[in-house]
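Before any comments, here is the structure.
The values are calculated or read from the model by the stated rules, or taken from the named source; none is laboratory data. Just so it is clear, the model here is predicted, and its values are computed rather than measured. Neighbour counts are summed over all protein chains in view; Cβ atoms, including those assigned to glycine, are modelled from backbone coordinates with ideal geometry. Accessible surface is based on the protein model in full, side chains and every heavy atom, while ligands, DNA and RNA are left aside. Shrake-Rupley method; radii C 1.70, N 1.55, O 1.52, S 1.80 Å.
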Amino acid sequence: MSHTVLVCDDAVFMRTMLSDILQQAGFTIVGEADTGTKAVAKYKELRPDLVTMDIVMPDMGGIDAVREIVSFDPGARVVMCSAMGQQALVVDAIEAGAKDFVVKPFQPSRVLEAVQRVVG
Amino acid sequence: MAEMSLDLSKYVDLFLSEGREHIGELTEALNEMETTPSSDDAVAAAFRAVHSIKGMAAAMGYTVVTERANAMESALDSLRRGESQVTPSLLGHLIDEADELAREIEAAVIQPASETPGESAPRRGASVPPATTESARRTNTHVRVRASRLDALMNLVGEIEIARGRMEREVARIDDDQLSSSFENASRLLHDLRDQVIGARMVPVGQVFERFPRLVRETARSLEKEVDFTLDGADIELDRTILDRIGDPVMHLLRNSLDHGIEAVAERERDGKAVRGRLTLSAQREAGYVLIRVADDGRGINREKVLRRALELDLVDRDATNLDDVALLRVLAHPGFSTASSVTDVSGRGVGLDVVDAAVRILGGTIEIKSVAGRGTAITLRLPLSVAIVRSLVARVGEELFAIPFTHVLETLSLEPPASALRGAAWTTTEISGSQVGIVVLGNLFGVPTRISAQMPGVSVLARGRRAALIVDAFVGQQDVVVKHYDPPREGSPMFSGATVLGDGSPALIVDVNSLI
């Protein structure tokens with residue numbers, strides 16, 4: 001039974017690359033979101049096993065989105081995708097309820113390690 | 001878990017298209033910061049755009065782009081946090097950086113994933129096995145070469161060309177079959193080499209033109225006009241030097257079309273035209289030239305008004321009653337004509353066309369104009385493929401040699417100079433097959449001692465849509481001449497566009513036909 005994933009990033013490029021990595025490893029991408037607001041709405045609608053969440057997005061940032069998703073579903077499993085130099089924000093994200101993080105640029109093995117640990 | 005590979009070459013197109021989008025958003029945000037420095041939204045939008053670019057570039061291993069985006073991100077971040085203020089100098093810096101970033105994004109995708117040889121992309125890590133990088137390199141084998149190095153190569157090719165010309169005379173003198181055939185072989189290879197070097201300097205016009213759709217959209221919006229813009233032939237290639245220099249003139253023409261050509265919605269409706277105006281920028285190859293055309297379906301140029309003004313300024317014959325396309329261009333391209341403010345108001349067109357004309361002429365090109373009242377205007381720039389080598393007709397005037405670029409040559413002929421030529425007139429007219437044609441007696445014009453005889457060789461030329469004949473003393477032959485930099489005299493009209501050294505080592509000036517007619 002393959003795990004379902006919601007991929008949230010404002011860049012199509014990043015969503016595509018991340019989806020490719022996850023699909024190659026057998027995950028099913030059930031949805032994508034390009035803003036924090038949409039991420040929250042899609043989560044409620046799709047109830048995916050896993051969410052990958054970019055930090056910097058228009059409308060609502062990733063950290064606020066994590067906070068909302070976790071308050072809606074305390075069992076939500078969110079992996080943050082942060083850029084280099086955003087360590088401080090990663091801490092905020094973990095406090096907000098994210099389970100793990102990966103740093104862009106993505107290393108496929110690191111991404112899979114993180115998501116598999118989270119859904120494990 | 002199994003080691004995964006990620007074939008980065010798959011993402012190049014996506015990187016480019018989305019990168020350009022983010023550059024667009026960035027530019028828009030910076031513009032807004034300029035008009036509304038207190039706008040937090042604009043700062044946030046600019047920050048997001050560079051942040052996204054940084055992330056994508058890092059993923060692709062484009063370190064140059066990543067680093068610039070990162071530096072911009074830091075500056076924008078401190079603005080966002082209120083740690084610094086938007087100042088004109090900071091904004092100017094960010095705008096320059098955005099331009100650089102845009103260029104680097106374009107440059108990054110035409111070269112291997114790692115931009116600097118010997119320096120592997122950092123942080124991409126072991127998860128991308130070397131095999132992937134290798135395959136990306138094979139499918140995308142570009143290197144970045146300093147433009148000055150290409151210029152130096154071209155210059156050397158020119159020098160070899162000159163040496164070859166000298167050798168050709170020697171070879172003819174020695175007249176040895178073996179030598180002749182070796183020489184021919186070497187000449188052929190040199191010719192191929194030259195084509196390759198010229199080819200290396202060629203870039204697709206899209207590199208410069210792709211910023212226009214957004215500029216057109218924004219200009220149209222600010223003018224409250226509805227316009228459909230089409231860009232054709234973005235893959236047509238042109239010498240980099242030429243392309244760099246026509247970007248602004250083309251933008252100028254596009255602006256003219258939007259500003260003066262295409263009517264406001266209400267006016268178009270009233271005239272029974274489609275509400276949305278059409279504006280097309282196209283590039284196409286034609287023989288040895290590239291044609292760049294800006295065409296709109298607007299109101300066309302008001303010839304009566306231009307004529308009235310031209311009469312006032314004494315630019316046309318006093319009894320002229322209309323202006324054909326050729327005369328129209330001549331008037332509009334007259335230095336200063338179109339920049340006179342009173343003309344801008346009445347002509348409704350042609351603002352700064354003299355500037356465009358000058359830019360195109362310097363490159364050895366010509367302009368053509370077609371305008372139909374109520375239907376629209378098309379302006380075509382005919383540009384040579386390369387500025388470095390110009391195929392020319394070499395002619396002798398007195399003891400001097402002159403090169404006349406083939407861009408302008410229609411035919412050679414023999415004609416009878418009018419009597420005024422004998423009296424030293426440089427410009428005159430004569431009748432050729434039933435019509436009056438302008439004559440330029442080069443000997444008289446250049447002040448070179450020359451003997452006017454009953455029949456003289458002439459070159460029928462075309463420049464700015466006008467025909468004329470240049471009278472010379474003799475034809476020497478045709479040759480690809482290598483253009484050397486030439487400082488024109490400060491005073492008077494620059495009659496020459498450059499200088500060259502011919503095969504036999506003798507210097508020749510390259511005639512700027514445009515300036516003679």
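Tabulated values for the structure
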{"quantity": "Flag if B:Ala425 is aliphatic (A, V, I, L, M), open to solvent by 20 Å² or more (accessible area, probe 1.4 Å) and either closer than 30 Å to B:Ser257 by Cα or in contact with a helix residue (DSSP H, G or I) (Cβ under 6 Å, 6 or more places away or on another chain) (or both)", "calculated": "no"}
{"quantity": "Extreme residue, surrounded by the fewest Cβ atoms within 10 Å (Cβ to Cβ), among residues of the range B:217-235 that are in contact with a helix residue (DSSP H, G or I) (Cβ under 7 Å, 6 or more places away or on another chain) and not charged (D, E, K, R)", "calculated": "B:Leu223"}
{"quantity": "Scan of the range B:497-515 for residues that are farther than 15 Å from B:Ala358 by Cβ, out of contact with any Gly (no Cβ under 9 Å at 6 or more places or on another chain) and among the hydrophobic types (A, V, I, L, M, F, W, C), ordered by number", "calculated": "B:Ala499, B:Ala508, B:Val511"}
{"quantity": "Hits in the range A:80-115 (condition: surrounded by fewer than 19 Cβ atoms within 10 Å (Cβ to Cβ), facing chain B (nearest Cβ under 9 Å) and closer than 24 Å to B:Phe47 by Cα)", "calculated": "A:Met84, A:Gly85"}
{"quantity": "The one condition in (1) touching a Ser or Thr at 6+ places or on another chain (Cβ under 9 Å); (2) open to solvent by 10 Å² or more (accessible area, probe 1.4 Å); (3) without any contact (Cβ under 8 Å) to a residue 24 or more places away in the chain that B:Asp41 fails to fulfil", "calculated": "(1)"}
{"quantity": "In the range A:11-20, the residues that are surrounded by fewer than 24 Cβ atoms within 10 Å (Cβ to Cβ) and either of a type outside the set (D, E, K, R) or under 13 Å from the mean Cα position of the chain (by Cα) (or both)", "calculated": "A:Val12, A:Arg15, A:Thr16, A:Ser19"}
{"quantity": "Selection status of A:Lys44, of a type in the set (Lys, Arg), under 22 Å from B:Met56 (Cβ atoms) and either surrounded by fewer than 21 Cβ atoms within 10 Å (Cβ to Cβ) or under 11 Å from the mean Cα position of the chain (by Cα) (or both)", "calculated": "no"}
{"quantity": "Filter result for the condition that a residue is part of a strand (DSSP E or B) and either surrounded by fewer than 20 Cβ atoms within 10 Å (Cβ to Cβ) or modelled with pLDDT of 90 or more (or both), over B:Leu281, B:Leu193, B:Leu179, B:Leu238", "calculated": "B:Leu281"}
{"quantity": "The range B:14-27, residues that are without any contact (Cβ under 8 Å) to a residue 24 or more places away in the chain and within 28 Å of the chain's Cα centre (by Cα)", "calculated": "B:Ser17, B:Glu21"}
{"quantity": "Criterion: touching a His at 6+ places or on another chain (Cβ under 7 Å) and more than 9 Å from chain A (Cβ to nearest Cβ) - qualifying residue of B:Ala75, B:Ala49, B:Ala69", "calculated": "B:Ala49"}
